[in-house]
1. If we sort 317-326, 357-366 on the protection proxy, mean other Cβ atoms within 10 Å, highest first, what's the order?
2. Going from most exposed to least, what order do I66, I215 have by accessible area with a 1.4 Å probe?
3. To the nearest 10 Å², what's W479's accessible area with a 1.4 Å probe?
4. Using a 1.4 Å probe, how large is the accessible area of M61, given in Å² and rounded to the nearest 10?
5. What ³J(HN,Hα) values, in whole Hz, does the Karplus curve 6.51 cos²θ - 1.76 cosθ + 1.60 give for the stretch 226-237 when θ = phi - 60°, with x put for Gly and Pro?
6. I'd like the Karplus ³J(HN,Hα) series for the stretch 40-48: coefficients 6.51, -1.76, 1.60, θ = phi - 60°, whole numbers in Hz, and an x wherever there's a Gly or Pro.
7. Using a 1.4 Å probe and ignoring any ligands, DNA or RNA, find the accessible area of R214 and quote it in Å² to the nearest 10.
8. With every protein chain kept in the model, how would you rank S69, S95, S400 by accessible area, 1.4 Å probe, largest at the top?
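The values are calculated or read from the model by the stated rules, or taken from the named source; none is laboratory data. Bear in mind that the values here come from a model prediction, so they are computed numbers and not experimental data. Because the Cβ atoms are built from the backbone with ideal geometry, glycine has one as well, and the counts that use them run over all protein chains shown. SASA here: full protein model, heavy atoms, side chains in, ligands and nucleic acids out. Shrake-Rupley method; radii C 1.70, N 1.55, O 1.52, S 1.80 Å.
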Amino acid sequence: MEVIPIPSNKDTRLHAELHETVQYIKDIMGDSPDLIIRDMTLAQDWHIALLYMNGLADVQMIQTSILNSLIENSSAYNSDQTMHPLHYMKEKLLSVGDIEWMHHFDTLFTHLLSGDAILLMNGYPDALRIGVTGREERSISEPTSQPSIRGPMDAFTETLETNVSLIRRRMKDPQLWLEKYSIGQVTKTSVAIMYQKSLANDDLIKEVKQRLNRIDMDGILESGYIEEFIQDHKYTPFPTVYNSERPDTIVAGLLEGRVAILIDGTPFVLLVPGLFIHFMQTSEDYYQRSDISTLIRLIRYLSFFIVLLAPSLYIAITTYHQEMLPTNLLLNLAAQREGVPFPAFIEALMMEIVYEILREAGIRMPRTVGQAVSIVGTLVIGQAAVEAGIISAAMVIIVSITAISSYVIPANAMSISVRILRFILMGLAASFGLFGILIGSILLALHMNSLQSFGVPYMSPIAPFNLDNQKDTLFRIPWPRMIKRPSSINPKDSIRMARSKGTK
C-alpha cells in the first residue's frame with residue numbers, strides 16, 4: 001500500500017475545498033475506523049465537516065455544545081453580514097470556551113489525535129480547533145513509591161492537566177508560570193515546565209528551556225526519557241534530576257526556586273536542580289517536629305553508609321585484618337566458616353546477587369504472590385544455604401542488614417546507585433583490604449564533588465561548605481528559624497518569611 005507523506009512545513013496549508021481536505025486526512029490516517037467525520041449541510045447552505053477521534057473526544061460534549069448549537073442557531077445568520085460564516089460560528093454559535101484557529105495540516109493532526117474536534121468549512125482554507133478532550137483518566141490515588149505516615153495522601157496521575165491542577169491547588173499565586181512544549185516527532189508528547197517566576201533564577205529557567213529544545217527523538221513515553229537528555233553527566237551512577245509522584249514535594253521544590261518538568265502520560269514529575277541531600281529528604285521531614293525529623297534523617301545517612309560499606313568491610317576484615325576483631329568473635333566466625341568452601345568475597349557476591357534476583361522477582365510477580373514469594377524465598381534460601389555449608393550465618397546477617405538499609409533511602413534512584421557501588425567496593429576490599437575501601441571511598445568522594453546539576457554543585461551545601469544552609473541538611477531546625485531559602489540554587493528572593501523582609 002502506498003504511504004502518503006504528511007506535507008512538509010512549507011506545504012502544510014489546509015485546502016479550501018472541503019472534500020480535498022477530508023480525503024487527505026482519511027488517506028493519511030488509513031481511513032481509520034475511530035476517525036469520526038460528521039459531514040453535514042446547515043442552513044444558508046453551509047457545507048461543513050466535524051472531525052474527532054472516537055475514544056479521545058467527549059462525544060456528549062460534541063453533541064450538546066457543537067452539533068446542537070450549529071443546527072439550531074445557524075439559521076440566524078444574516079447573509080448581509082460582513083463576518084465570514086466560520087468566524088460567525090466561532091464568535092456567535094459555539095458555546096465551547098476553548099476554540100482556536102488552525103491553518104496547517106501538522107497542527108490539525110496533532111490536535112485531532114489529542115482529543116480535540118476539528119471544524120472545517122467548504123471554501124475556507126482554515127479550521128477551528130474545539131477543545132472537547134474526554135479521554136479516560138485514572139483517579140487521584142495515594143502515592144505508591146513514596147508513601148508517608150503524615151502529610152497529603154494524593155499523588156500525580158498520568159494526565160498532564162490533572163497534575164498541573166494538583167500543583168496550582170497548593171500554590172495560588174499568579175507568579176506560578178506554566179509553559180508547554182511538544183516533544184517527540186511521532187508521539188508529540190506534551191511536556192510542561194512550571195516555576196515560580198518571582199523565585200526561580202532566570203539562568204536556570206533559560207537552561208531548562210534550552211535542554212528541552214535540544215531533545216530530538218521519535219517518542220517520549222515517560223519522564224525517564226527526558227531525564228537522560230537533560231542531565232549534566234551521562235556517565236555517573238548518581239541521579240542528578242529528582243523525580244517524585246507527590247505534589248507536595250514538587251511544590252516544596254518550587255518554593256525554593258527549582259523548576260518542575262511535567263510529562264503527559266506519567267505520574268512522575270521531574271525537579272531540577274537535584275542535589276545529593278535532596279534525594280535523602282522526604283516531605284514528611286517537614287511535617288514532623290524538627291527533633292524527630294533530625295533523628296530520622298540521621299538514620300537515613302547511617303543506612304546509606306551501611307548499604308555502601310557493610311559487605312566490603314566484612315570482606316576486608318575477615319580476609320586481611322582478622323586482628324581487628326575481638327578474640328571470641330574471631331573464633332565464632334572461624335567456626336562458622338570452617339566448612340564454607342568459598343572465600344568471603346565469593347560468598348558475599350553470591351548472596352548479594354541472589355538477593356537482587358529475589359528483589360526483582362518480587363517486583364515483577366503479581367502483587368498477590370510477589371511479596372510472599374520474595375520473603376519466603378529469602379528465608380528458605382538463606383537457611384538452606386547455611387545448613388548446606390555454602391554460606392556462613394554471619395554473611396546472611398550482613399546481607400540482610402544491607403538489604404533492609406537500602407529500603408531506608410527515600411529515593412529509589414539513589415538506592416539503586418548505592419547498591420551498584422557496593423559491588424565495586426566489595427571487589428576493592430577483596431583485592432586490597434581496608435586500603436582498597438579507602439581508595440574507593442576517596443575516588444567516590446572526588447567523583448561526587450565533581451558532579452553538577454544544572455550548574456549547581458551536586459554536594460552543596462556540604463561541599464562547597466555553606467554554614468548558613470546547614471539548617472536543613474543533616475539536621476532540620478524548627479521552621480521559625482529557617483528564614484532563608486537554600487542559597488545554592490540562587491533564588492531571586494532568599495527570604496521565606498514576609499516579616500523578615502529586609503533583614504539578614
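1. On the way: 317-326: 14.6, 357-366: 13.0.
Output ranking for 317-326, 357-366: 317-326, 357-366.
2. Values: I66 0, I215 20 Å².
Largest accessible area first, the residues go I215, I66.
3. Here the accessible area works out near 100 Å².
4. Counting only protein heavy atoms, the figure is 60 Å².
5. Using θ = phi - 60°, the values come out as 5, 4, 5, 6, 9, 5, 5, 10, 7, 10, 8, x Hz.
6. Karplus values, whole Hz, x for Gly and Pro: 8, 10, 8, 4, 6, 6, 7, 9, 10.
7. Approximately 150 Å² for this residue.
8. Values: S69 15, S95 80, S400 50 Å².
Order by accessible area, largest first: S95, S400, S69.
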